[in-house]
Amino acid sequence: MERSERQWLAPRLSRAAQLCNRMPENSDEALWLGIDLGTCDVVSVVVDSQCQPLAVCLDWADVVRDGIVWDFFGAVTIVRRHLDTLEKQLGRRFTHAATSFPPGTDARISINVLESAGLEVSRVLDEPSAVAGMLALDGAAVVDIGGGTTGIAVVRQGAVIYSGDEATGGHHISLTLAGNRGIAIEEAEQLKRHEGQAIWPVVRPVYEKMADIVARHIAAYPVNDLWLAGGSCMQPGVIELFRQRFPGLTVHLPEHAIFMTPLAIADSGIRATEGCYAR
Ligand SMILES: Nc1ncnc2c1ncn2[C@@H]1O[C@H](COP(=O)(O)OP(=O)(O)OP(=O)(O)O)[C@@H](O)[C@H]1O
Ligand SMILES: [Mg+2]
């Protein structure tokens, strides 16, 4: 089945959002686990062979400081907790999981986290490659606006031919909002997620800057489609802004974009030889 945005991707993302931190569905089928270690949150997704999500754990990981991110032991603790929860709820043991890393960073960090949590890594690949592989992208740019960074990658025939990473993301949007409203960053973070429409005029310039950055990164490459992913793309106004900024491109922004990369990681595990859990 061709993986169309509407028929294949949208229902899976919507399912992931519904299942997030809720009781999973049960299944007798083989299952695969994918773990996205973000700077802002850790997301674990369990899928079946059709990449239908059955369980999702998301933990906001409070480990972003000065744009750098990583609290190794904090990440291991969260992964371990997700694993315990999923194993208890699904009544199974997971021995393997797929994971990813931002392009240009060391894959070993993610591998070490999973291994320290007691998992074998069935597959590790960079984030845009996971998205590109899931959707069989060609002549496309993948722009992942997460918590700490914006990742930009150009994909040709499913392979990343260029990637860049910029240190602007949701954290900076919250900082801008906090400054504008004279409120604490934690409060700004909540306001942002729940009052997206109302805060758009305040945060719009930050997204405009991001769109300029994206334009600079992809200028030299043949791109027809621009795929937006990451939690910060869920801000109302973002898709219109990118459509205006890139009138020659088809801009895609699936709903529940925060689950794009985690779903793609789980999907990548299905195609790995040892991705299956041990029954
Ligand atoms: N509804 C929303 N509107 C706007 N921003 C949102 C919304 N929901 C979540 N976010 C933001 O999305 C960000 C988290 O997104 P995501 O999970 O993609 O990041 P990450 O993978 O942890 O970070 P990175 O990719 O930079 O490592 C946070 O900054 C959060 O505030
Ligand atoms: Mg991310």
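Which members of region 20-37 meet the condition of being open to solvent by less than 20 Å² (accessible area, probe 1.4 Å) and within 16 Å of ligand 1 (Cβ to nearest atom)? Scanning region 20-37 gives G34, I35, D36, L37.
I'd like the full set of residues that are in contact (Cβ under 8 Å) with a residue 12 or more places away in the chain, open to solvent by 10 Å² or more (accessible area, probe 1.4 Å) and part of a helix (DSSP H, G or I), limited to region 111-126. Give the steps one after another, and end with the answer.
Narrowing region 111-126 to residues in contact (Cβ under 8 Å) with a residue 12 or more places away in the chain: 111-114, 116-126.
Now drop any that are not open to solvent by 10 Å² or more (accessible area, probe 1.4 Å), which leaves 111-112, 116, 118, 120-126.
Matches in region 111-126: I111, N112, S116.
Give the number of residues within region 140-174 that are part of a loop (DSSP other than H, G, I, E, B) and within 10 Å of ligand 1 (Cβ to nearest atom).
Restricting attention to region 140-174, the residues satisfying the condition of being part of a loop (DSSP other than H, G, I, E, B) are 146-149, 157-158, 167-169.
Now restrict to residues that are within 10 Å of ligand 1 (Cβ to nearest atom): 146-149, 167-169.
Of the residues in region 140-174, 7 are part of a loop (DSSP other than H, G, I, E, B) and within 10 Å of ligand 1 (Cβ to nearest atom).
Looking only at region 202-222, decide whether some residue is within 23 Å of S129 (Cα to Cα), more than 9 Å from ligand 1 (Cβ to nearest atom), assigned to a helix (DSSP H, G or I) and open to solvent by 70 Å² or more (accessible area, probe 1.4 Å). Yes. Say whether the condition of being in contact (Cβ under 8 Å) with a residue 40 or more places away in the chain, hydrophobic (A, V, I, L, M, F, W, C), within 16 Å of ligand 2 (Cβ to nearest atom) and open to solvent by 50 Å² or more (accessible area, probe 1.4 Å) is met by at least one residue in region 74-92. No, region 74-92 contains no residue that is in contact (Cβ under 8 Å) with a residue 40 or more places away in the chain, hydrophobic (A, V, I, L, M, F, W, C), within 16 Å of ligand 2 (Cβ to nearest atom) and open to solvent by 50 Å² or more (accessible area, probe 1.4 Å).
Which residue is modelled with the highest pLDDT, if the candidates are limited to region 50-73 and must be within 13 Å of ligand 1 (Cβ to nearest atom) and either of a type in the set (D, E) or assigned to a helix (DSSP H, G or I) (or both)? So, considering only residues that are within 13 Å of ligand 1 (Cβ to nearest atom) and either of a type in the set (D, E) or assigned to a helix (DSSP H, G or I) (or both), the one modelled with the highest pLDDT is D59. Within region 226-246, the set of residues being more than 12 Å from ligand 1 (Cβ to nearest atom) and more than 19 Å from D165 (Cα to Cα) comprises I239, E240, L241, R243, Q244, R245, F246.
Take the residues of region 127-139 that are of a type in the set (G, A, S) and surrounded by fewer than 24 Cβ atoms within 10 Å (Cβ to Cβ): which is farthest from ligand 1 (Cβ to nearest atom)? In this case the residue turns out to be G139.
Scan region 140-169 residue by residue and report those that are of a type in the set (V, I, T), open to solvent by 10 Å² or more (accessible area, probe 1.4 Å) and within 10 Å of ligand 2 (Cβ to nearest atom). Outline the logic, then answer.
Filtering region 140-169 for residues of a type in the set (V, I, T) gives 142-143, 145, 149-150, 152, 154-155, 160-161, 168.
So of that shortlist, the ones also open to solvent by 10 Å² or more (accessible area, probe 1.4 Å) come out as 149, 160-161, 168.
Passing the criteria: only T149.
Being within 20 Å of the chain's Cα centre (by Cα) and either within 25 Å of P128 (Cα to Cα) or open to solvent by 20 Å² or more (accessible area, probe 1.4 Å) (or both) is a property that holds for G230.
Residues in region 240-254 that are more than 16 Å from ligand 2 (Cβ to nearest atom) and open to solvent by 30 Å² or more (accessible area, probe 1.4 Å): E240, R243, Q244, R245, P247, G248, L249, T250.
The values are calculated or read from the model by the stated rules, or taken from the named source; none is laboratory data. This structure is a prediction, so every number in the text was calculated from the model and none was measured. When we count neighbours, we look across all protein chains shown, and the Cβ atoms used for this are built from the backbone with ideal geometry, even at glycine. All accessible areas refer to the heavy atoms of the entire protein, side chains included, with ligands and DNA or RNA removed. Shrake-Rupley method; radii C 1.70, N 1.55, O 1.52, S 1.80 Å.
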